[in-house]
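Here the structure comes first, spelled out in structure tokens, and everything after it is commentary.
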Amino acid sequence: MNVYVPILVLGALAVGFAVFSVIMGLIVGPRRYNRAKLDAYECGIEPTPQPMGGGRFPVKYYLTAMLFIVFDIEIVFLYPWAVSFDAFGLFALVEMFLFVLTVIVAYAYVWRRGGLNWD
């Protein structure tokens, strides 16, 4: 049990700091509410009324998110391989080359299709 005491103390400090910050923000912070503060924040875009059912949402947002996930996963696979490159040998080098080639082909496809343009 003595091994877990520092972890529990750190967790208690983190929770205590979070609770203290929220309470102090409520006590000390200004209370000037207006229409702009109570509006939903939409990344600087003026919110517009949506039709029933939500209406259409641009697909480019989802494509960009998927591209981010693909390249993020690529880094997750490349980093451990690069750290222990000497231990893996030629087989891992060929496998990683094929993996990177696949990602590059997908990147070129998205680029040619205009998936990276924000027009």
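Kirkwood's formula applied to the C-alpha pairs of the stretch 55-113 gives a hydrodynamic radius of 13.2 angstrom.
By the beta-carbon count within 10 Å of each Cβ, the least crowded to most crowded order of Asp86, Asp39, fewest first, is Asp86, Asp39.
None of the figures in this text is laboratory data; all of them are computed from the coordinates on show. These numbers come from a predicted model, not from an experiment. FYI the Cβ positions are ideal-geometry reconstructions off the backbone, even for glycines, and counts take in every protein chain you see.
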